[in-house]
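Peer 1: I'd like to ask you about the structure that follows.
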């Protein structure tokens with residue numbers, strides 16, 4: 001059974017992230033670890049500006065029952081992150097347009113605005129390589145990268161962004177600053 005408080009939290013966060021273009025209509029994922037061996041994630045059919053109890057499912061980690069068939073395509077990645085990064089309580093995956101576009105042309109994001117520079121400094125852009133084999137490799141590569149990341153953020157060229165945190169407000173702050181800073185970098189490049 002999914003707790004109403006968790007449903008409301010994920011619904012509100014999803015709507016805010018959808019309005020900021022972090023999520024597309026059907027693209028992205030958001031989850032919350034609710035017990036040491038359970039997490040809640042959106043379903044495959046979730047529309048991020050209308051998340052409700054029916055568009056979320058609770059999964060037992062490493063126990064692949066029927067509910068896994070309903071879950072987001074990124075459920076295995078969230079499962080792996082929760083299993084290997086114990087401070088992860090919330091995870092979001094999306095394709096924010098400015099960050100994704102900037103990462104197509106740059107190997108690192110070197111922030112120049114105050115908030116980006118003080119929060120991140122710089123972020124290495126991960127090259128997914130061959131897209132044809134990405135879904136076979138992504139669970140291992142994303143988890144490995146995030147375990148080594150000091151800022152809990154992974155920007156993947158041509159794929160999007162994964163971010164986790166123990167505090168939902170910190171997760172949202174990271175997403176907002178990352179996208180706004182990349183927007184500023186994009187605007188600045190028009191003046192060069």
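Peer 1: For region 21-42, enumerate the residues that are touching a residue at least 12 places away in the same chain (Cβ under 8 Å) and more than 25 Å from residue 99 (Cβ to Cβ). Let's see the steps before the verdict.
Peer 2: Start the filter on region 21-42 by keeping residues that are touching a residue at least 12 places away in the same chain (Cβ under 8 Å), which leaves 21-34, 37-42.
If the condition is that a residue be touching a residue at least 12 places away in the same chain (Cβ under 8 Å) and more than 25 Å from residue 99 (Cβ to Cβ), then 34, 37, 38, 40 are the ones that fit.
Peer 1: Residues to consider are 88, 101, 92; find the one that is assigned to a helix (DSSP H, G or I) and either modelled with pLDDT under 95 or within 25 Å of residue 19 (Cβ to Cβ) (or both).
Peer 2: Details: 88 fails: assigned to a helix (DSSP H, G or I); 92 fails: assigned to a helix (DSSP H, G or I).
On inspection, the qualifying residue turns out to be 101.
Peer 1: Does residue 123 qualify as being at pLDDT 95 or above, in contact with a strand residue (DSSP E or B) (Cβ under 9 Å, 6 or more places away or on another chain) and within 30 Å of residue 51 (Cα to Cα)?
Peer 2: On the way: at pLDDT 95 or above: yes; in contact with a strand residue (DSSP E or B) (Cβ under 9 Å, 6 or more places away or on another chain): yes; within 30 Å of residue 51 (Cα to Cα): no.
Judged against the criteria, residue 123 is not a match.
Peer 1: Okay, moving on. Out of the residues in region 86-110 meeting the condition of being surrounded by fewer than 19 Cβ atoms within 10 Å (Cβ to Cβ) and touching a helix residue (DSSP H, G or I) at 6+ places or on another chain (Cβ under 7 Å), tell me which one is nearest to residue 31 (Cα to Cα).
Peer 2: Residue satisfying both the conditions and the ranking: 98.
Peer 1: Can you tell me which residues in region 43-85 are part of a helix (DSSP H, G or I), in contact with a helix residue (DSSP H, G or I) (Cβ under 7 Å, 6 or more places away or on another chain) and in contact (Cβ under 8 Å) with a residue 12 or more places away in the chain? Reasoning before the result, please.
Peer 2: Quick first cut of region 43-85, residues part of a helix (DSSP H, G or I) only: 53-55, 67-70, 75-84.
Keeping just the survivors that are in contact with a helix residue (DSSP H, G or I) (Cβ under 7 Å, 6 or more places away or on another chain) gives 53, 68, 75-77, 80-81, 84.
Listed by number, the residues that qualify are 53, 75, 76, 77, 80, 81, 84.
The values are calculated or read from the model by the stated rules, or taken from the named source; none is laboratory data. Not measured: the values here are computed from a predicted model. Virtual Cβ from ideal backbone geometry, glycine too; neighbours counted across all protein chains shown.
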